[in-house]
Amino acid sequence: DAGVTQSPTHLIKTRGQQVTLRCSPKSGHDTVSWYQQALGQGPQFIFQYYEEEERQRGNFPDRFSGHQFPNYSSELNVNALLLGDSALYLCASSPGPTRDNEQFFGPGTRLTVL
Amino acid sequence: AQSVAQPEDQVNVAEGNPLTVKCTYSVSGNPYLFWYVQYPNRGLQFLLKYITGDNLVKGSYGFEAEFNKSQTSFHLKKPSALVSDSALYFCAVSPPLDSNYQLIWGAGTKLIIKP
């Protein structure tokens, strides 16, 4: 049983560009959350998708958007990239959106903005 | 503002000794509490959680954590440390449903177990 997978593993972009990150949840999971983890810090919640809708959102600007597909996979899009967007982006899945569920994390996508 | 604090950036423990990684939180209502571990070049892995009930919860790899409501703490413990426990540990809190955040995370504590 494959766990949470993310692609690509690494990505290098320049300021002002746009990027799309992809995530496939663990089998049987229907809820996907995205996090940004800067170097030396804990993850910061970006948003959560359930039933193809954004269910909750953290304190991130509208440049960060997402999508969930009928097969529960998800994309994170970031527009007008800034240097400060350089971070590890983590996708996590869970068997439902309730807050008592533990989350299963992918290995992350390392985004570098030059 | 709601927050999670892990007061120690790094904890050093000799193999075989007990270990404690500290976590305190400032969240309104009755939060759910979690511990995750991050090994180098690997994703975060769930260790344990407190939802309700017994204040001492047991998790993966022999870890346990004690919930203390009066001190708003949720410290991670293990009776006998292994070198393989060396990793980055994160405490996370899930606030009540009326919050905008799914999980609030601490900054992490690097645990180093020396042979």
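Local charge for residue A:97 was computed over the other residues whose Cβ lies under 9 Å away, with Lys and Arg +1 and Asp and Glu -1, and equals 0. Take every Cα pair under 8 Å whose residues are at least 6 apart in sequence, average their separation, divide by the length of segment A:9-114, and the relative contact order is 38 percent.
Projected label points at residue A:98 and residue A:62, each 7 Å from Cα along the beta carbon direction, are separated by 3.5 nanometres. With a threshold of 27 Å on the Cα-Cα distance, the over-threshold entries among B:77/B:114; B:69/B:110; A:26/B:77; B:22/B:58; A:26/B:49; A:26/B:22 are A:26/B:77; A:26/B:22.
Taking the Cβ of residue B:76 as the center, what net charge do the other residues with Cβ under 10 Å away carry, scoring Lys and Arg +1 and Asp and Glu -1? Every neighbour counted, the sum reads +1.
The residues A:94, B:3, sorted by heavy-atom accessible surface at 1.4 Å with ligands and nucleic acids left out, run B:3, A:94 from largest to smallest.
Considering only Cα atoms, the convex hull volume of the protein assembly as shown works out to 127 Å³ per residue.
Net charge in the neighbourhood of residue A:111 (other residues with Cβ under 11 Å of its Cβ; Lys, Arg +1, Asp, Glu -1) is +1. Beta-bridge orientation, the protein assembly as shown: approximately 90 percent antiparallel, per DSSP, counting only bridges with both partners inside. Taking the square roots of five times each eigenvalue of the Cα gyration tensor of segment A:5-113, the equivalent ellipsoid has semi-axes of 22, 14, 13 Å, listed largest first. Only protein heavy atoms count here; on that basis, with a 1.4 Å probe, residue A:110 has an accessible area of about 80 Å². The length gained by stretching the chain between residue A:39 and residue A:53 to full extension, at 0.36 nm per residue less their Cα-Cα distance, is 2.1 nm.
Restriction of the trypsin sites (Lys or Arg not before Pro) in segment A:49-89 to DSSP coil positions whose beta-carbon has at most 14 other beta-carbons within 10 angstrom yields A:63.
Geometric descriptor of chain B, per residue, is 100 Å³ (volume of the convex hull of the Cα atoms). On a C-alpha basis, how far is the centre of segment A:37-114 from the centre of segment B:40-66 in Å? Whole number, if you could? Centre-to-centre (Cα) distance: 23 Å. Taking every protein chain into account, the 1.4 Å probe leaves residue A:14 with about 70 Å² of accessible area, to the nearest ten.
Of the residues A:29, B:75, A:10, A:67, the one with the largest accessible area comes first in the ranking A:10, A:67, B:75, A:29, computed with a 1.4 Å probe on protein heavy atoms.
The values are calculated or read from the model by the stated rules, or taken from the named source; none is laboratory data. These numbers were taken from a predicted model, which means no experiment stands behind them. As a convention, Cβ positions derive from the backbone with ideal geometry for all residues, glycine included, and neighbour counts pool all protein chains shown. Quick note on the areas: whole protein, heavy atoms, side chains included, nothing else; ligands and nucleic acids left out. Shrake-Rupley method; radii C 1.70, N 1.55, O 1.52, S 1.80 Å.
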